[in-house]
Amino acid sequence: MDGFVDVSVGLTGFDSFDLHATGVAALYLETALDQVGTEAFERFLDELDAAGGDPGRLEGETSRDIARAITHLWYLGVWPQLARSVHTALGREKANVPFTVSPEAYTEGLVWRTFHGHPAGAKAPGFGTWSDPPPGAPPVPRVTAAGRPVGKPEEDREEEFQGDIS
């Protein structure tokens, strides 16, 4: 399974610690093998190795589509529909339709981490965290219920108020 995670690091841009922490790596490896077959998966690994681990340098359509599918799986928890030509070339007997691998796959999708989000109704961020800006967000001035900035001296507020009327 570590080999699959190592390949996935190159596909997703996340490190192996983050990918292992999702707890779905074994499930994703099993899904990929089930969907494309062991032989095609090993050809994909060989071609990726020959490309120096850079999925952008893959030349075979089947390997590029497998790389795309594994990346899609990590980010969204969904095995995507393969290209029709790849589906035919693999001789798949399964329906070529996208599907969510498991409920955990939805909550552990890497997409949530890209914008510091949380899957609604599935993984609570914690009480009161809604009041804090996401990490890296630019500062947003806080205002009172009356629309005044918080933390400014009272006289500044009155000047602003006077300025707004005239």
Summed over the other residues with a beta carbon less than 11 angstrom from that of residue 122, with K and R at +1 and D and E at -1, the charge totals -1
Excluding ligands, DNA and RNA, the carbon-plus-sulfur percentage of the accessible area of the range 1-71 with a 1.4 Å probe reads 48 percent
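Based solely on its DSSP helices, what 222 nm [θ] is calculated for the chain when runs of n ≥ 4 H residues each add -39,500 (n - 2.57) and the sum is averaged over all residues, nearest 500 deg cm²/dmol? All intermediate terms of the calculation are to be shown ahead of the outcome.
Working: 9 runs with 86 residues, N = 166.
Theoretical 222 nm ellipticity from helices: -15000 deg cm²/dmol.
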Check: C-alpha center the range 1-56 vs C-alpha center the range 61-130, spacing in Å is 13 Å
Placing +1 on each Lys and Arg Cβ and -1 on each Asp and Glu Cβ in the chain, then taking the dipole about the Cα centre, the residue among 69, 144, 133 whose Cα reaches farthest towards the positive end is 69
With Cα coordinates, the longest principal axis of the chain makes an angle with the long axis of helix 25-36, in degrees rounded to 10, of 50 degrees
By the mean-Cβ-within-10 Å protection proxy, highest first, 39-52, 93-106, 22-35, 120-133 rank as 22-35, 39-52, 93-106, 120-133
Taking only Cα atoms of the range 1-87, the Rg to Rh ratio with Kirkwood Rh works out at 0.92
Relative to the chain, whose Cα atoms define the longest principal axis, helix 38-50 and its Cα axis are tilted in degrees, nearest 10, by 70 degrees
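Stokes-Einstein diffusion coefficient for the chain at 25 °C in a medium of 0.890 mPa s, Rh from the Kirkwood formula over Cα pairs: what value in µm²/s? The partial results should precede the final answer.
Values: Rh = 19.1 Å.
Diffusion coefficient, whole number: 128 µm²/s.
How large is Rg over Rh for the range 48-117, taking Rg from the Cα atoms and Rh as the Kirkwood inverse mean of 1/r across Cα pairs?
Values: Rg = 13.7 Å, Rh = 13.3 Å.
Reported Rg/Rh, Kirkwood definition of Rh: 1.03.
Would you tally the net charge around residue 88, using a Cβ to Cβ cut-off of less than 15 Å, leaving residue 88 out, and scoring K and R as +1, D and E as -1? Write out the running numbers ahead of the final one.
Details: positive: 84, 92, 94; negative: 61, 65, 93.
With Lys, Arg at +1 and Asp, Glu at -1, the neighbours total 0.
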Given a 1.4 Å probe, the accessible area of the chain per residue, as a whole number of Å², is 62 Å²
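The values are calculated or read from the model by the stated rules, or taken from the named source; none is laboratory data. Values in this document were obtained by computation on a predicted structure and should not be read as measured data. Don't worry about glycine lacking a Cβ; one is built from the backbone with ideal geometry, like all the others, and counts go over all protein chains shown. Quick note on the areas: whole protein, heavy atoms, side chains included, nothing else; ligands and nucleic acids left out. Shrake-Rupley method; radii C 1.70, N 1.55, O 1.52, S 1.80 Å.
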